[in-house]
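Working notes, beginning with the structure itself.
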Ligand SMILES: NC(=O)c1ccc[n+]([C@@H]2O[C@H](COP(=O)([O-])OP(=O)(O)OC[C@H]3O[C@@H](n4cnc5c(N)ncnc54)[C@H](O)[C@@H]3O)[C@@H](O)[C@H]2O)c1
């Protein structure tokens, strides 16, 4: 296996920007690619801000920060990924978009380049299908926010070679992350458990069993969870929960994964959670998260 | 905080050891609390009390008080301190109301429990209340996915701890607290809900069979 030195990240949104920070912090040369220049701009600002804080808190030296930023480039041109040894994609959660990207990347990147997908709901095998190097595609599911969360759920597609998976695993560890091995199954581990659990919470509210605040308190005090499910749903966004439900229910037909009627009504009413100022709880829209 | 008296029928799951709540009881209290496995049988209606609390297991309050036409409700409430199997009881008390429960009884019971350092979540008389109803399908799924090889037990536990900040993963939690107890609770809920997610997972059935043979879990 060729040593990984240069890492491409596709998609400079919420996840891509964070993953690029992880790679830069670990000492890799990073090329961040997005078709949208505004996303790249936003990612650049976030990255500089994040590294400035890291230096301030003594988690990174100024020299390391300068080196990381010097080796970090942004582009709207796919051809600029030609020197990458590994590419992690975090573009829109859409099978056609991801497949199109991997097929185009296959033409641009050298033969040895490993492709990793950060998909939450799609199949790694399906994303890899037809890209031209199905044996070199792995699932690498980071958690939000990627720059703070260590966990990465790693999976192989049906055609992924064992050597590539092993190389991707070593790469993940070299990124300073904690990989866990799972399967190319809907939602991997986290979302497989979380999405239907959260739906059950919504059904409990809909059935009038308890108020959101009582459910959150029960979970936090009874189980020691840091966040209650209603708080978490408001943070993730109720519209996102609907999308997750549609993706999982479409594949598994598990009734627990079907979007509960109350969830759909709340989204229809514009109660999307924190981002709209109201979900299961109400929020002061000017308040900073975590404040 | 209202004064309260305790009728202890023995083997309370909510208060297996000394607790400030037990120490704070006095004779002739305004609230009467029935504790222990015989709480439901010992219960007597008494309109002179501000509230009467009956400790519940997996059963419903309606099985104690009777119910009809959705019009049930009085000064009698149900409660249980949440606890998984042999694990220590948490500080969370699920306080069970019926459609027409007295608001004054709920307020007094809440103050009394909070006065003893406990936290209270109010819920209706649903099978499994809040937590067992939400958690048992998750536990069964985790056990099933372990059998299907989704991940090793360690990786599954680690994923939920690192990814969601849970203090403990599902497999280690169930094995620490007794998988056979999970079997009993989820089976009781299965009777009401009837969906496969409440049906005891294979590993829970095995643990129950082994416990029944007296060879532990
Ligand atoms: N948000 C989360 O909590 C989370 C967590 C884990 C994984 N994921 C997964 O990560 C991926 C990205 O999610 P996100 O929340 O960061 O999305 P996002 O909408 O914030 O960002 C997506 C970015 O991709 C860019 N993009 C879209 N199509 C592109 C293309 N063909 N080429 C280049 N750039 C393109 C967009 O311009 C945008 O900047 C999805 O697969 C999602 O399922 C999300």
Notebook entry, point to check: Which whole-number percent gives the relative contact order of the range B:131-210, counting Cα pairs below 8 Å spaced six or more residues apart?
Noted result: 37 percent
Next item on the list: Relative to the longest principal axis of the C-alpha atoms of chain B, give the angle of the C-alpha long axis of helix B:153-164, reported between 0 and 90° and rounded to the nearest 10°.
Entry: 60 degrees
Note to self: Quick check: Cα centre of the range A:79-122 to Cα centre of the range B:27-83, how many Å?
What the structure shows: 61 Å
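Note the full-extension length gain between residue A:70 and residue A:253 as 0.36 nm times their separation in residues minus their Cα-Cα distance, in nm to one decimal.
61.1 nm
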Checklist line | Expected 222 nm ellipticity per residue - DSSP helices of 4 or more, -39500 (n - 2.57), all of the protein assembly as shown, to 500 | finding: -13500 deg cm²/dmol
Check: Using the alpha-carbon centroid of each, what span in Å lies between the range A:197-251 and the range B:87-129?
Finding: 21 Å
Checklist line | Difference of contour (0.36 nm per residue) and Cα-Cα distance, residue B:26 to residue B:127 | finding: 33.2 nm
Item checked: Three-way shape call for the range B:131-210 based on the alpha-carbon gyration tensor, with the a/c threshold at 1.5 -> prolate
Notebook entry, point to check: Using a ≥ b ≥ c from the Cα gyration tensor of the range B:76-134 (square roots of the eigenvalues), is it rounded, prolate or oblate, where a/c under 1.5 gives rounded and otherwise the larger of a/b and b/c decides, a/b for prolate?
Noted result: oblate
Check: Against the longest alpha carbon principal axis of chain A, how many degrees, from 0 to 90 and to the nearest 10, is the axis of helix A:14-25 turned?
Finding: 40 degrees
Next item on the list: Pop a pseudo-label 7 angstrom from the Cα along the beta-carbon direction at both residue A:45 and residue A:206 and give the gap in nm to one decimal.
Entry: 3.9 nm
Checklist line | Pairs of alpha carbons in chain B whose separation is greater than 31 Å (percent) | finding: 26 percent
Check: Which value in nm describes the separation of the simple spin-label points at residue A:166 and residue A:2, placed 7 Å from the Cα toward the beta carbon?
Finding: 2.0 nm
Next item on the list: Compute the FRET efficiency between residue B:114 and residue B:212 as 1/(1 + (r/R0)^6), taking r as their Cβ-Cβ distance and R0 = 35 Å, and round to the nearest 0.05.
Entry: 0.30
Checklist line | FRET E, pair residue A:227, residue B:37, Förster distance 45 Å, beta-carbon r, rounded to 0.05 | finding: 0.85
Next item on the list: Please work out how much length the chain gains when fully extended from residue A:174 to residue A:269, using 0.36 nm per residue of separation minus the C-alpha to C-alpha distance, in nm with one decimal.
Entry: 29.7 nm
Margin query: Can you say what percent of the DSSP beta bridges in chain A, counting only those with both residues inside, are antiparallel? Round to 5.
Written below: 25 percent
Checklist line | Antiparallel bridges, percent of DSSP beta bridges restricted to the protein assembly as shown (to nearest 5) | finding: 20 percent
Check: What is the helix-to-structure angle for A:95-108, meaning the angle in degrees between its Cα long axis and the longest Cα principal axis of chain A, kept from 0 to 90 and rounded to the nearest 10?
Finding: 10 degrees
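With a cut-off of 8 Å between alpha carbons and a minimum separation of six or more residues, what is the relative contact order of chain A in percent?
Averaging sequence separation for qualifying contacts and normalising by length gives 13 percent for chain A.
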Next item on the list: Report, for the range A:85-156, the % of DSSP beta bridges that are antiparallel, rounded to 5.
Entry: 40 percent
Item checked: Separation in nanometres of the label points that stand 7 Å from Cα toward Cβ, at residue B:107 and residue B:46 -> 2.2 nm
Item checked: Three-way shape call for the protein assembly as shown based on the alpha-carbon gyration tensor, with the a/c threshold at 1.5 -> prolate
Margin query: Using C-alpha positions alone, give me the convex hull volume of chain A per residue in cubic angstrom.
Written below: 139 Å³
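Rule-based calculations on the coordinates, nothing more; no lab input. Computed from a predicted structure; not experimentally measured. So basically every Cβ, Gly included, is an ideal-geometry build from the backbone, and we count neighbours across all protein chains shown.
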